[in-house]
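*Asks:* Once you've had a glance at the structure underneath, I'll fire off some questions.
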Amino acid sequence: MKNPRRNFLKTIATITGGAIAASVAEPFNALLYASSFPGKNVKGGSWYGMGIDIDKCIGCGRCADACKKENNVPREPFFFRSWVEQYTIKNDGEVKVESPNGGIDGFKQSVPDEEVFKSFFVPKMCNHCYKSPCVQVCPVGATFETRDGVVLVDDKYCIGCRYCVQACPYGCRYIHPQRKVVDKCTLCYHRITKGMTPACVEVCPNGARIFGDLNDKNGALIKFLKEHTCLVLRPHLNTGAKVYYNSLSTEVR
Amino acid sequence: MDPLIQNLYGVLTQVQGFIYPNEAELHWSLLIVLYPYITGLVAGAFILASLERVFKVKAVKPTYHLALLTALAFLICAPIPLNAHLTQPIRAYEIMITPHLTSAMAVFGFVYMWYLMVVLLLEIWFDYRRDFVVWSNEKTGIMKWIYKILTLGVTDISENALKWDDKLGRFITIIGIPSAFFLHGYVGFIFGSIKANPWWSTVLMPVIFIFSAMVSGIALVMLLYMLISLLRRVSANMECLDTIGRYLLYALILDFSLEALDQIHRFYEAEESFEIISLLMSGKLYITLIVVQILLGTVVPLVTLGLLQVYKPSEQKRRLIYWMDSALVLIGIFAMRWNVVIGGQLFSKSFYGFTAYKIELIGREGFLVASGLVVLPFIILGFLLWLMPPWRKEDGREYLKA
């Protein structure tokens, strides 16, 4: 070593430079992996998601109703954390979608029987994306993803700019008319952290909603994903959605 | 009943097809239309000013100071519609204190402060410093003190000091051009980066915003220059107007080409959202997009300004064309902002239907507040023109040459 001081400075510079580069690159990690297997969570612990079996949904709307009751969601038909849509594909290929009052009052088929090619119900909710556009755009970080994979809103921090509402491709967010901050499905975080299931899952009479931990290889959700061919909504947007639908028809958006 | 809820029940009767239940409320209203409109005027006016300062287009000199003061007046007003629109306006400061750096919106505060403090205020100060010193010596009473404060205590007006003013002012203008591009390109990025919305999500959005900003800013300064000349009963410099007209034409050609490219690309690719977007353009946006933005706001000015390049009618007729075109362009660009902001929220993200937008008259996001916000920059500009009239200014740079 001819010049120990210079070598020392070199080492320090390399370490500092590397650390800076790593910290700058860190937020871009999400860019490095495309849609991957749902159970991929490097942090360990639980990683929650939801399965929805469209074949089992009967459109009773109890999930949407229970959600409103459990989470004090305003009763007016403009604010929903969870709702049900009725899809009717007619013989001529036309798609008709309806969700009167989010399905809480049930559904009536408005298309005459002879014109119906097929019809089914699609329960909707926040997809708790792990590359979530709403988390990405929040200018103050009031919307965040918990360690166990749930997207939440800090209502004491939200400034109400509504950028997240624009960024959510699934229409899952609304501004709470009384609290004046953004509101959305929390996967009933207050329940699941106590070992209970979300209210919508609890009341579903047909077991169409399967709540579970994607890291629990013996759990109900992984079993559901193994036994069914599931898709997420709008996979091309690469949001990392964690609500998996069985029998999802291409018409569903 | 809460007026919002009442409004939403009204909207519900006008919904066409299917929208997600949460989509009845249109979240970015008239105020958010004003925000890109106002920042666009700032960026455009500044770029016109830099034509003279950096690119040495001497003919537009009579509008140089007016353009800078216009940019300042509008920039002061730019954050008002944003803040007024927040549901928690008192928490707005959080965006500066704890910015979430993956959000395009989080940078707004910094871009804004940079542009206001570093670019515009400094440039105007270097440009007016000598005049503040002269005026503070000429005036008496409170005005003397106001000008004295505005000098910030730097009262040296020796030739050497003025040379430095000029040098630094020019340097800041050079920084200012990319800053102006950044300010408005960034506003475009706020919309262009939303992948959930196919009407917004285009890589061209920031570029389109920059060129539409130039178009609107140039038109505004042109209109103001003619208006102020009229009020001061002096005749507007025709060479200046012809030159501004020419640059307005160039900017319009670029802007129109980019927007046309964007639409052609959209139509040719005809992705999943194609059907709903064509319905939007031929339906809900027909008047504001096809008639106002494209026909009146773009094609008419393009044709008339283009004709002036090959055929020169009398001064009076040309002036009339400039009045008409600058007003049409300003209306057209407002319609463009409307079509982007409101248009992008009228169709459901399910692509199966449309919601409706009812402007309220009163209320924080109502028509009256919005109108007030359009008038406010003009009042501020009036004050600035009274405080530091460009026509009473002995130009420091001219002074140096003499």
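The values are calculated or read from the model by the stated rules, or taken from the named source; none is laboratory data. None of the values given here were measured: they were computed from a predicted structure. Positions of Cβ are generated from backbone atoms using ideal geometry, with glycine treated the same way; all protein chains shown enter the neighbour counts. Ligands, DNA and RNA are excluded from the accessible area calculation, which covers all protein heavy atoms including side chains. Shrake-Rupley method; radii C 1.70, N 1.55, O 1.52, S 1.80 Å.
*Asks:* Of all residues in the range B:168-191, which are of a type outside the set (Phe, Trp, Tyr), open to solvent by 20 Å² or more (accessible area, probe 1.4 Å) and either in contact (Cβ under 8 Å) with a residue 12 or more places away in the chain or within 14 Å of another protein chain (Cβ to nearest Cβ) (or both)? Please lay out each step first, then the result.
*Replies:* Let us first name the residues in the range B:168-191 that are of a type outside the set (Phe, Trp, Tyr), namely B:168-170, B:172-180, B:183-185, B:187-188, B:190.
Pick out the ones that are also open to solvent by 20 Å² or more (accessible area, probe 1.4 Å) and you get B:168, B:170, B:174-175, B:177-178.
Scanning the range B:168-191 gives B:168, B:170, B:174, B:175, B:177.
*Asks:* A further question follows. Please determine whether any residue of the range A:88-102 is buried (at least 24 other Cβ atoms within 10 Å of the Cβ) and either at pLDDT 95 or above or not in a loop (DSSP other than H, G, I, E, B) (or both). Break it down into steps so the answer makes sense when it comes.
*Replies:* Within the range A:88-102, the first condition is being buried (at least 24 other Cβ atoms within 10 Å of the Cβ), and the residues that meet it are A:99, A:102.
Still in the running and either at pLDDT 95 or above or not in a loop (DSSP other than H, G, I, E, B) (or both): A:99, A:102.
There is at least one residue in the range A:88-102 that is buried (at least 24 other Cβ atoms within 10 Å of the Cβ) and either at pLDDT 95 or above or not in a loop (DSSP other than H, G, I, E, B) (or both).
*Asks:* I need every pair where a residue in the range B:352-374 that is within 30 Å of residue B:274 (Cβ to Cβ) has its Cβ under 6 Å from the Cβ of a residue that is assigned to a loop (DSSP other than H, G, I, E, B), sequence separation at least 6 or different chains.
*Replies:* Matching pairs, first to second residue: B:352/B:18; B:353/B:18; B:353/B:19; B:355/B:15; B:355/B:19; B:357/B:26; B:357/B:342.
*Asks:* May I pose another question? All but one of (1) buried (at least 18 other Cβ atoms within 10 Å of the Cβ); (2) under 30 Å from residue B:5 (Cβ atoms) hold for residue A:240; which doesn't?
*Replies:* Result: residue A:240 fails condition (2) only.
*Asks:* Against the conditions (1) assigned to a helix (DSSP H, G or I); (2) at pLDDT below 95; (3) open to solvent by 50 Å² or more (accessible area, probe 1.4 Å); (4) over 30 Å from residue B:189 (Cα atoms), where does residue B:165 fall short? Just the number, please.
*Replies:* (3)
*Asks:* Just the residues that are among the small types (Gly, Ala, Ser) and more than 9 Å from chain A (Cβ to nearest Cβ), please, taken from the range B:17-35.
*Replies:* Initially, the range B:17-35 is screened for residues among the small types (Gly, Ala, Ser), giving B:17, B:24, B:29.
Selection gives B:29 alone.
*Asks:* Continuing with this model, one more query. Can you pull out every residue in the range B:194-207 that is surrounded by 21 or more Cβ atoms within 10 Å (Cβ to Cβ) and polar (S, T, N, Q)?
*Replies:* If the condition is that a residue be surrounded by 21 or more Cβ atoms within 10 Å (Cβ to Cβ) and polar (S, T, N, Q), then no residue fits.
*Asks:* Starting from residues that are of a type in the set (Gly, Ala, Ser) and open to solvent by 10 Å² or more (accessible area, probe 1.4 Å), keep the ones in the range B:300-345 and report whichever is nearest to residue B:27 (Cα to Cα).
*Replies:* Within the range B:300-345, the subset of a type in the set (Gly, Ala, Ser) is B:306, B:314, B:326-327, B:332, B:335, B:343-344.
Add one more test, that the residue is open to solvent by 10 Å² or more (accessible area, probe 1.4 Å), and what stays is B:306, B:314, B:327.
Numbers: B:306: 40, B:314: 49, B:327: 29 Å.
Going through the qualifying residues, I end up with B:327.
*Asks:* Scanning the range B:106-143 for residues that are under 24 Å from residue B:28 (Cβ atoms) and buried (at least 21 other Cβ atoms within 10 Å of the Cβ), which turns out nearest to the other protein chains (Cβ to nearest Cβ)? Quick ask: steps written out before the conclusion?
*Replies:* Of all residues in the range B:106-143, those under 24 Å from residue B:28 (Cβ atoms) come to B:106-113, B:115-116.
Next, from what is left, pick out any that are buried (at least 21 other Cβ atoms within 10 Å of the Cβ): B:106, B:108, B:115.
Details: B:106: 4, B:108: 8, B:115: 18 Å.
Ranking the qualifying residues of the range B:106-143, first place goes to B:106.
*Asks:* Residue by residue through the range A:203-253, note down the ones that are under 23 Å from residue A:168 (Cα atoms) and assigned to a helix (DSSP H, G or I).
*Replies:* A:235, A:236, A:237
*Asks:* Give me the residue from the range B:346-383 that is open to solvent by less than 20 Å² (accessible area, probe 1.4 Å) and assigned to a helix (DSSP H, G or I) and, out of that set, farthest from residue B:200 (Cα to Cα).
*Replies:* Among them, the one singled out is B:381.
*Asks:* Which of the residues spanning the range A:42-87 are within 14 Å of chain B (Cβ to nearest Cβ), of a type in the set (D, E, K, R) and part of a helix (DSSP H, G or I)?
*Replies:* Once the filter is applied, which keeps residues that are within 14 Å of chain B (Cβ to nearest Cβ), of a type in the set (D, E, K, R) and part of a helix (DSSP H, G or I), the range A:42-87 yields A:65, A:68.
*Asks:* Of these, B:382, B:306, which one is within 25 Å of residue B:83 (Cα to Cα), without any contact (Cβ under 8 Å) to a residue 60 or more places away in the chain and more than 14 Å from chain A (Cβ to nearest Cβ)?
*Replies:* Numbers: B:306 fails: within 25 Å of residue B:83 (Cα to Cα).
Just one listed residue meets the conditions, B:382.
For (1) assigned to a helix (DSSP H, G or I); (2) touching a helix residue (DSSP H, G or I) at 6+ places or on another chain (Cβ under 9 Å); (3) open to solvent by 10 Å² or more (accessible area, probe 1.4 Å), each residue gets a yes or a no:
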{"site": "B:36", "(1), (2), (3)": "yes, yes, no"}
{"site": "B:44", "(1), (2), (3)": "yes, yes, no"}
{"site": "B:48", "(1), (2), (3)": "yes, yes, no"}
{"site": "B:51", "(1), (2), (3)": "yes, yes, yes"}
{"site": "B:56", "(1), (2), (3)": "no, no, yes"}
{"site": "B:60", "(1), (2), (3)": "yes, yes, no"}
{"site": "B:63", "(1), (2), (3)": "yes, yes, no"}
{"site": "B:70", "(1), (2), (3)": "yes, yes, no"}
{"site": "B:73", "(1), (2), (3)": "yes, yes, no"}
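*Asks:* Next question. Would you please name the residue that is farthest from residue B:348 (Cα to Cα), looking only at residues in the range B:4-14 that are open to solvent by 10 Å² or more (accessible area, probe 1.4 Å) and either facing another protein chain (nearest Cβ under 7 Å) or touching a helix residue (DSSP H, G or I) at 6+ places or on another chain (Cβ under 7 Å) (or both)? Quick ask: steps written out before the conclusion?
*Replies:* Within the range B:4-14, the first condition is being open to solvent by 10 Å² or more (accessible area, probe 1.4 Å), and the residues that meet it are B:4, B:6-7, B:9-10, B:12-14.
Retained after the next criterion (residues that are either facing another protein chain (nearest Cβ under 7 Å) or touching a helix residue (DSSP H, G or I) at 6+ places or on another chain (Cβ under 7 Å) (or both)): B:4, B:12.
Details: B:4: 20, B:12: 13 Å.
Within the range B:4-14, the match that is farthest from residue B:348 (Cα to Cα) is B:4.
*Asks:* Can we say residue A:134 is under 17 Å from the mean Cα position of the chain (by Cα), within 10 Å of chain B (Cβ to nearest Cβ) and in a loop (DSSP other than H, G, I, E, B)? Spell out the reasoning first.
*Replies:* Numbers: under 17 Å from the mean Cα position of the chain (by Cα): yes; within 10 Å of chain B (Cβ to nearest Cβ): yes; in a loop (DSSP other than H, G, I, E, B): no.
It is false that residue A:134 is under 17 Å from the mean Cα position of the chain (by Cα), within 10 Å of chain B (Cβ to nearest Cβ) and in a loop (DSSP other than H, G, I, E, B).
*Asks:* How many of the residues making up the range A:221-253 are more than 14 Å from chain B (Cβ to nearest Cβ), under 15 Å from the mean Cα position of the chain (by Cα) and without any contact (Cβ under 8 Å) to a residue 40 or more places away in the chain?
*Replies:* Counting residues in the range A:221-253 that are more than 14 Å from chain B (Cβ to nearest Cβ), under 15 Å from the mean Cα position of the chain (by Cα) and without any contact (Cβ under 8 Å) to a residue 40 or more places away in the chain gives 1.
*Asks:* Can you name every residue in the range A:103-120 that is open to solvent by 40 Å² or more (accessible area, probe 1.4 Å) and not charged (D, E, K, R)? Lay out the reasoning, then the answer.
*Replies:* Kept after step one, since they are open to solvent by 40 Å² or more (accessible area, probe 1.4 Å), are these residues of the range A:103-120: A:105, A:107-110, A:112-115, A:117-119.
Scanning the range A:103-120 gives A:107, A:109, A:110, A:112, A:117, A:119.
*Asks:* Read through the list (1) within 11 Å of chain B (Cβ to nearest Cβ); (2) in a loop (DSSP other than H, G, I, E, B), then give the number of the only condition that residue A:110 fails.
*Replies:* That leaves (1) as the condition not met.
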